[in-house]
1. Eigenvalues of the Cα gyration tensor times 5, then square-rooted: what semi-axes does that give for the chain, in whole angstrom, largest first?
2. Just the number please: accessible area per residue for region 49-155, 1.4 Å probe, all protein chains included, in Å².
3. Stretched out fully, how many nm does the piece from GLN274 to ASP262 gain, at 0.36 nm a residue minus the Cα gap?
4. To the nearest 10 square angstrom, what accessible area does THR61 show with a 1.4 Å probe?
5. Please report the accessible area of SER39 (heavy atoms, 1.4 Å probe, ligands and nucleic acids excluded) in Å², nearest 10.
6. Which whole-number percent gives the relative contact order of region 40-95, counting Cα pairs below 8 Å spaced six or more residues apart?
7. What value, in deg cm²/dmol to 500, does the helix sum -39500 (n - 2.57) over DSSP H runs of n ≥ 4 give at 222 nm once divided by the residues of the chain?
8. Within region 40-126, which GluC sites (Glu not before Pro) sit in a loop by DSSP and count at most 10 neighbouring Cβ atoms inside 10 Å?
Amino acid sequence: MVPHQFSRCHSILKMLERSTSTTNSFTRKLSSDSSSYVSVQDDEEIKELAILTLQKKPINTFCPNLLRDFTIAIKNIEQDKIKRAVIITSAFPGQFSAGIDLPSLLGKTLEEVKELWRWLQASWLSVYGTRLVTIAAINGHAIAAGTAFAIGCDYRIMAEEDYLAGLTVIRMGIPVPFWLSTQMANLLGKQEAAKAVQLGTLFTSHQALENGLVDEIVPLNRVFEKARQEVPRWLEIPDHARVAIKQDLRQSLIDRVNEVKDVEVDQNAALVMQPNIQRNIARALKRLKERKNNKPS
């Protein structure tokens, strides 16, 4: 029997159970509920494929509710025995995700920041540790957490126009979580990853391809089509064999995260609450607002 997911910490599953009492109908609810931050739809031709679309206006910034919705959506797709693959994309061409929602970190209580970090861990583990084939259709900028979720996938296809990807949280004085720096090293190699995560490097799509951050680049209007074309290649492999290899490659990092997850939440939440970090977040938010106001209408 193919496991629905790798053996992850029980607290994540309990957190998900507390978040919804209607697990089996969640996918249908998300597909029709415009107030949800993600939508899940069946592919019309590939019955084993689900499409998970980020749809938090305007640029898919990850607040606790989006992280929660994303985590639950992955869990529910897993529970559908027919589903073997998921494409993760954005409802907003040009913006895959702009990263963590900065207002969710600014002027909040310690417990509120901890909640965001818990859901960040849980959501990333949900995609990194799933039995499903995961393909990121990166149809725009993938900044910070946008890149984080993309590198948790099995395969990444990015728009080749002038879009950027990279882990930039260090620019605000917050270290990149070890699980992300480890996965970056898996993809880029240790030397390049070390520079990228310490400098908060943003890669163009062509640089991302050259360095191994993404697997393919195609024109924006072909990203989703290319992702769908990639799915059958993965589905040709029997799940029991593919999942066993995936687990062998990924379980050690999942175990490391679970061993220190509570300590990491406490440490990072305490760091975010420091006055200098709060000032950095406020300045970053101000720059984003100024950039938005200066855009030509």
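The values are calculated or read from the model by the stated rules, or taken from the named source; none is laboratory data. All values derive from a computational prediction rather than experimental measurement. Ideal geometry is used to build each Cβ from the backbone, glycine not excepted, and the neighbour counts take in all protein chains shown. Accessible surface areas use protein heavy atoms only, side chains included; no ligands, DNA or RNA. Shrake-Rupley method; radii C 1.70, N 1.55, O 1.52, S 1.80 Å.
1. 27, 22, 20
2. Details: 2680 Å² over 107 residues.
Ligands and nucleic acids excluded, the figure is 25 Å² per residue.
3. Between GLN274 and ASP262, full extension yields 2.4 nm more.
4. 20 Å²
5. The accessible area of SER39 comes to roughly 10 Å².
6. RCO, region 40-95: 49 percent.
7. Rounded to the nearest 500, the figure is -16500 deg cm²/dmol.
8. Listed in order of number, the matching sites are GLU44, GLU45.
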